[in-house]
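Here the structure comes first, spelled out in structure tokens, and everything after it is commentary.
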């Protein structure tokens, strides 16, 4: 049996109103015999929303642009 897993966590480099975290996880498993092979995979991804008020260009007024 063979399996591989991977995970990652990302975080902002600048302060935002929320934590703006990013999560990723993936898993691949497989097994084989003389007559059969089986492989399955799964992936999970989640990123907190990036609010427009947290982006400098989106929250700038007409004079600032």
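For the pair residue 45/residue 4, report the inter-label distance in nm, with labels modelled 7 Å from Cα in the Cβ direction.
In this crude spin-label approximation the distance works out to 1.7 nm.
FRET efficiency for residue 64 and residue 11, Cβ-Cβ distance as r, R0 = 22 Å, nearest 0.05? Display every interim value, and only then the final one.
On the way: r = 27 Å, r/R0 = 1.25.
Working from the Cβ atoms, E equals 0.20.
Only counting other Cβ atoms within 10 Å, I'd like 34, 22 sorted with the fewest neighbours first. Please list the in-between numbers first.
On the way: 34 4, 22 13.
Going from least to most buried by this count: 34, 22.
Provide 2, 29 in ascending order of the number of other Cβ atoms located within 10 Å of each residue's Cβ, fewest first. Kindly include the intermediate steps, with their values, before the conclusion.
Numbers: 2 9, 29 14.
Ordered by Cβ neighbours within 10 Å, fewest first: 2, 29.
No lab work stands behind these numbers, since they all come straight from the coordinates. Not measured: the values here are computed from a predicted model. Cβ atoms come from the backbone with ideal geometry, glycine included; neighbour counts cover every protein chain shown.
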